[in-house]
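Single-structure report; data block below.
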Amino acid sequence: MTVMAILLGTLTAGIGSVWIAALLSFGVLARYTQHMLSLAAGALLATAFMHLLPEAFESQASAHDLFMALLLGVVFFFLLDKAELWHHGHEHHHPHAAGHEHHHPHAAGHDHDHGAADGHTQHSEGSGGTKAAGGWAVLAGDSVHCFGDGILIAAAFVADVRLGVIASLAVLVHEVPHHMGDLLVLSTSSGNRQAALVKVSMAGAVTAIGGLAGYWLVDWLQDYLPFFLVVASSSFVYVALADLIPQLQTRLSARQTAAQIGWLLVGIGLVTIVSGLAHAQH
């Protein structure tokens, strides 16, 4: 039963986020990229601080050890980010930086949104060969990223089905703007939106493989489950604070700022509502 729940949750988060991203990237909803970033940040923070961390601290594990794991987790994901394995690096609007040949996927979606507003296009770069290479780099990094997401979702499901549902939702929401960037990079490099969608969907499906690996790993190391939950929390906190929120810290009008705050609260509220529904059915 737990394995089936993990497969359903990981496939929904991994592939479902790609298809929602395609609707946003290639459809009339592309203007709402910034709202998705705010929603994702709220959902990730709410999942970490209201669900995963409380569950971990209800165990017999030492609070000192759990906080140490949280700190080490944040540092670990920072190092992965620097190695361009987590979110494919953080160029953040600096495509000309030395040694970087491709866009950060979130930033690509971010640039798309502001490019539409400012009358500039910012996600085309380099020669055709450079863009093709960047596309493969995006897919490779995306697969590693999705595999990690699957492990985190599996850890949440093993602890509690309700936590697994919430973690799957949080991953799905934060992956949408991520995959929007992937789709923009790949469709630009190949000129074929359908091919880009298929490739990113295949990368998203790796989430399920990570989920199965995570189920075996967590089941084997059951006594360390609280630490798996803390590591999952550190991932969500890092992505929200180091990746999503900085992209929202731009000079905006009072109306746009209010919209950002509103969608951030919607993300928090969405996780809370799903948590209540899942808890009622659990």
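Report the local net charge at Ser201: Lys and Arg +1, Asp and Glu -1, summed over other residues whose C-beta lies under 15 Å from its C-beta.
Net charge around Ser201: -2.
With Cβ to Cβ distances under 13 Å as the rule, what net charge do the other residues near Leu44 carry (K, R +1; D, E -1)?
That sum, taken over residues with Cβ under 13 Å, equals -3.
Can you compute the FRET efficiency between Ala83 and Leu241 using 1/(1 + (r/R0)^6), with r the Cβ-Cβ distance and R0 = 22 Å? Round to the nearest 0.05.
0.70
Read-outs: derived from the displayed coordinates by stated rules, not from any lab. The structure displayed is predicted, hence computed values, not measured ones. Please note: Cβ atoms are built from the backbone with ideal geometry, for glycine as well, and neighbour counts cover all protein chains shown.
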